[in-house]
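Note sheet for the following structure.
The values are calculated or read from the model by the stated rules, or taken from the named source; none is laboratory data. Remember, it's a predicted structure, so these values are computed and weren't measured experimentally. Positions of Cβ are backbone-derived with ideal geometry, glycine not excepted, and every protein chain shown enters the neighbour counts. Protein only, heavy atoms only, side chains kept; ligands, DNA and RNA dropped before computing areas. Shrake-Rupley method; radii C 1.70, N 1.55, O 1.52, S 1.80 Å.
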Amino acid sequence: MSNIAVIGTGYVGLVTGTCFSDLGNRVVCMDVQHDKIERLRKGIAPIYEPGLEEMIERNLKAGRLFFTTDYAEALHEAEFVFIAVGTPESEDGSADMRYVESAARAIGTHAPGRSAEPLVIVNKSTVPIGTGDVVSSLVREKCPPDFKFSVVSNPEFLREGQAILDFLHPDRVVLGSEK
């Protein structure tokens, strides 16, 4: 069993976190939207995905799935943290990276001191090439010099209406890292 934090409870983050908990991991999903987190704590999904609400309820009851608005709480025991925040299109058509950047800074601020093992930070959001370097730099800006972490890219291939099936039975998994 791993301790996983998922930053962002949109389509990708919520499905990812819930499925990881259903596989037996302890997962804390974090979002800055208080009302969304309150509904999720009651087992109410903000999106429709067949089977998702039942999976949320099952894992809440089993004590494997948690929801918070507090970065420190989400990252406290995390071994892996998935950045799954929105990257809406900017006026020029590029990905708006402000939420990814904010999450990276918050990880650098709140993750140090959580454990002696290096933290694995996973970019799950749809992001441009080079985002791993950006995330790494932003985390490094905020954390102590001795804090150990790696940044990995793991793009998502989830189809709406099939996301749970796609997560649990992927036709491909793509990972990228410097090391």
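A compact table of results
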| item | result |
| --- | --- |
| Kyte-Doolittle at least 0.5, axis length at least 15 Å by Cα - qualifying DSSP helices, the chain | 11-22 |
| Label-point separation, E54 to L168 (7 Å along Cα→Cβ), nm | 1.0 |
| Cα gyration tensor, the stretch 77-179 - rounded (a/c under 1.5), prolate or oblate | oblate |
| Pairwise FRET efficiency - R98 versus M1, Cβ, R0 = 30 Å, nearest 0.05 | 0.35 |
| Protein accessible area in the chain, 1.4 Å probe - carbon and sulfur % | 51 |
| Dipole magnitude of the chain about its Cα centre (Cβ charges: Lys, Arg +1; Asp, Glu -1), debye to nearest 20 | 500 |
| Using a Förster distance of 30 Å, the FRET efficiency for I44-E178 (Cβ separation, nearest 0.05) | 0.15 |
| Solvent exposure of the stretch 1-151 as accessible area per residue, Å², 1.4 Å probe | 48 |
| Those lysines that a straight Cα-Cα span of less than 25 Å connects to K124, excepting residues fewer than 8 apart in one chain | K36, K142, K148, K179 |
| Surrounding net charge for R58, when Lys and Arg each add one and Asp and Glu each subtract one, Cβ distance under 10 Å | -2 |
| Length released on extending from R140 to A62, taking residue separation times 0.36 nm less the Cα-Cα span | 24.5 nm |
